[in-house]
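Each remark here refers to the structure printed beneath this line.
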Amino acid sequence: MWTYHPDLLARPVPRYTSYPTAAEFTGAVCSSDMAGGLANLDVNENVSLYLHIPFCREICWYCGCNTGAATRQARLDAYVGRLHEEIDLVAAQLGGRGRVRRIALGGGSPNAIAPTAFSALLEHVERAFRTNRPIVSVELDPRGFDRNWAAALADAKVQRASLGVQTFDTTVQKLIGRVQPHAHIARTVELLRQAGIESLNFDLMYGLPSQDSAVLLETLEAAVSLAPDRLAVFGYAHVPQLIPRQRRIDQTRLPGSAERFHQAADAHAFLVAKGFQPVGFDHFARPDDPLAVAARRGQLRRNFQGFTDDTASCLLGVGASAISGFPDRLVQNEKNTGKWHLAISAGRFPVERGIYRSPGDRVRGRAIEQLLCEGKVDLASVLDQTCLRAPLLDFEQRGLLAWHGSTIVLADDALPYARAIAARIDAYRDQSAGRFSNAV
């Protein structure tokens with residue numbers, strides 16, 4: 001059972017899907033920095049490709065993603081057409097360097113576009129980058145999924161899919177603007193399995209309005225009954241000062257920090273009892289799923305998609321707001337789709353901001369990733385720059401971590417504190433905490 005230490009969780013912290021985090025990005029990075037990153041890739045370097053579709057048929061009130069309503073077909077068609085042009089820009093700059101082993105489509109909801117448009121995008125990507133049987137994954141909204149989409153996934157031999165479920169509770173669904181009957185989700189799961197999806201993930205949330213542990217456990221029971229291979233159980237991040245659509249959520253109905261903590265603890269205990277293997281601090285997988293296998297082998301990684309078995313050192317992001325990660329730099333596209341369109345039409349990479357990663361950044365970034373993925377990390381290289389024993393003392397005194405020489409090892413009940421501990425290794429954390437979410 002986890003022990004609640006509110007003082008150790010009081011400060012909001014990053015989710016650490018990159019280091020430095022997006023909060024450190026500046027406008028000093030531009031189109032030429034994306035071009036340089038592509039030009040520096042080795043011929044045989046493994047590369048993953050992410051395509052961002054910033055549209056949804058309906059906008060959920062809780063969502064922090066860069067997405068808009070897919071209300072005009074002409075707007076969707078124009079975006080997809082420009083996405084094809086950006087694919088050509090990236091492929092031309094690569095000039096045959098790198099090997100695209102994985103392709104992921106996210107959003108938004110990729111199934112906001114037509115299944116024929118999805119098929120054409122994948123065909124273009126595989127042709128432009130000369131891929132050879134890549135692993136393809138796609139994020140989906142059950143509310144816009146049908147037989148035509150299932151057929152498109154089957155034809156494209158998509159192996160992995162992630163469903164935005166969030167909650168099965170009808171009351172909570174209404175309070176977050178995402179109403180989707182259980183029968184609809186079950187039918188979507190059936191269609192996905194028939195389409196050949198081998199690894200199916202559900203995204204679920206705790207900390208939602210009018211949600212308590214009993215309500216959450218009912219959702220988890222309903223989710224497990226549909227036999228997903230993976231589950232991601234995220235804490236809802238209520239930051240209406242940054243995400244205006246969240247103002248539609250009644251803040252007075254949100255559970256407090258102690259209740260959130262107990263919801264996370266109850267979810268962890270429930271899923272472990274059901275045979276799922278914990279992966280990192282908020283993912284769970286069947287023991288035979290590639291994510292669980294990677295975790296057991298010490299090969300788990302963390303990138304912009306969360307915990308992953310993807311070991312590629314380079315992630316190329318295509319589409320408005322997409323982020324590309326190179327060993328020495330992080331580069332983000334324009335969030336504004338209008339500016340994104342203009343840059344590509346002018347033959348430029350549509351870069352808005354980013355950051356170069358110093359040698360120290362790379363050391364700390366790898367240390368934070370190891371800590372979150374493996375629950376332990378040798379800080380010898382970091383300790384050469386600054387002593388971290390004092391900043392981590394309060395966690396050590398509560399028995400949440402132990403030092404073995406220069407290595408820290410998290411205790412079994414330290415999972416909910418992992419991000420807070422990682423923040424003590426982060427050299428950038430100062431007064432920008434308001435930009436981040438609750439530690440649990």
Quiz prompt | Using a Förster distance of 41 Å, the FRET efficiency for Gln251-Val272 (Cβ separation, nearest 0.05) | solution = 0.80
Quiz item: Taking 1 over the mean of 1/r across every pair of different Cα atoms in segment 220-308, what Kirkwood radius in Å do you get?
Solution: 14.8
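With every protein chain present, what is the per residue accessible area of segment 226-320 (1.4 Å probe, Å²)? Intermediate values should be presented prior to the final figure.
Details: 3830 Å² over 95 residues.
About 40 Å² of surface per residue is accessible.
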Quiz prompt | Computed magnitude of the charge dipole of the chain (debye, nearest 20; Cβ of K, R +1, Cβ of D, E -1) | solution = 660
Quiz item: Applying 1/(1 + (r/R0)^6) with R0 = 51 Å to the Cβ-Cβ distance of Ser345 and Ser381, what FRET efficiency is obtained, to the nearest 0.05?
Solution: 0.70
Self-check item: Filtered trypsin sites (Lys or Arg not before Pro), segment 1-95: DSSP coil and at most 16 other beta carbons within 10 Å
Solution: Arg57, Arg72
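For the chain, what % of the accessible area comes from carbon and sulfur atoms, probe 1.4 Å? Write down the numbers at each step before the final one.
Values: 8900 of 17930 Å².
Its accessible area is 50 percent carbon and sulfur atoms.
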Quiz item: Taking 0.36 nm per intervening residue step and subtracting the Cα-Cα distance, what contour gain separates Ala183 from Val293 on full extension?
Solution: 36.5 nm
Quiz prompt | Farthest toward positive dipole pole in the chain [+1 Lys/Arg, -1 Asp/Glu at C-beta], among Val409, Gly177, Val224 | solution = Gly177
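Please compute the net charge surrounding Gly196, taking Lys and Arg as +1 and Asp and Glu as -1 over other residues with Cβ under 15 Å from its Cβ.
Details: positive: Arg133, Arg147, Lys157, Arg160, Arg193; negative: Asp155, Glu190, Glu198, Asp229.
Charge balance in the 15 Å sphere: +1.
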Quiz item: For segment 1-50, with equal point scatterers placed on the C-alpha atoms only and solvent neglected, what are the log10 I(q)/I(0) values from the Debye formula at q = 0.14, 0.24 1/Å, to two decimals?
Solution: -0.65, -1.14
Quiz item: How big, in percent, is the set of alpha carbon pairs in the chain lying more than 27 Å apart?
Solution: 53
Practice problem: Evaluate the distance, in nm, between pseudo-label points positioned 7 Å from the Cα of Arg11 and of Ala258 along their respective Cα→Cβ axes. | Solution: 2.4
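Hey, with R₀ at 45 Å, roughly what FRET efficiency would Ala69 and Ala402 work out to, going by the Cβ-Cβ distance, to 0.05? Mind dumping the intermediate values first?
Numbers: r = 50 Å, r/R0 = 1.11.
With a Förster radius of 45 Å, E is 0.35.
How large is the Rg to Rh ratio of segment 88-245 when both quantities use alpha carbon positions and Rh follows Kirkwood?
Working: Rg = 17.5 Å, Rh = 17.1 Å.
Across segment 88-245, the Cα-based Rg/Rh ratio is 1.03.
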Quiz item: Which percent of the Cα-Cα distances in segment 197-264 go past 21 Å?
Solution: 33
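Compute the length gained on full extension between Ala92 and Arg57: take 0.36 nm times their separation in residues and subtract their Cα-Cα distance, giving the result in nm to one decimal.
Details: separation 35, 0.36 × 35 = 12.60 nm, distance 3.28 nm.
Gain in length upon complete extension: 9.3 nm.
In whole Å, what three semi-axes, largest first, describe the equivalent ellipsoid of segment 319-440 built from its Cα gyration tensor (square root of 5 times each eigenvalue)? Provide the component values of the computation, followed by the final result.
Details: eigenvalues 251, 50, 28 Å².
Semi-axes from the Cα gyration tensor: 35, 16, 12 Å.
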Practice problem: Would you tally the net charge around Gly106, using a Cβ to Cβ cut-off of less than 14 Å, leaving Gly106 out, and scoring K and R as +1, D and E as -1? | Solution: -2
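With every protein chain present, what is the per residue accessible area of segment 43-101 (1.4 Å probe, Å²)? Spell out each step's value before the answer.
Numbers: 2560 Å² over 59 residues.
On a per-residue basis, segment 43-101 sits at 43 Å².
Where Rh denotes the Kirkwood radius from the mean inverse Cα pair distance, what is Rg over Rh for segment 1-137?
Details: Rg = 18.5 Å, Rh = 17.7 Å.
Dividing the radius of gyration by the Kirkwood radius yields 1.05.
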Quiz item: If you average 1/r over every pair of different alpha-carbon atoms in segment 266-327 and take one over that average, what Kirkwood value in Å do you get?
Solution: 13.0
Quiz prompt | Extension gain (nm, one decimal) between Asp203 and Arg147, 0.36 nm per residue minus Cα-Cα | solution = 18.0 nm
Quiz item: Hey, got the dipole for segment 1-152? About the Cα centre, +1 on K and R Cβ, -1 on D and E Cβ, debye to the nearest 20?
Solution: 280
Quiz prompt | Peptides ranked, highest mean first, by Cβ atoms within 10 Å: ranges 361-370, 136-145 | solution = 136-145, 361-370
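The values are calculated or read from the model by the stated rules, or taken from the named source; none is laboratory data. Computed from a predicted structure; not experimentally measured. Because the Cβ atoms are built from the backbone with ideal geometry, glycine has one as well, and the counts that use them run over all protein chains shown. These area figures cover heavy atoms from the full protein model, side chains too; ligands, DNA and RNA do not enter into them. Shrake-Rupley method; radii C 1.70, N 1.55, O 1.52, S 1.80 Å.
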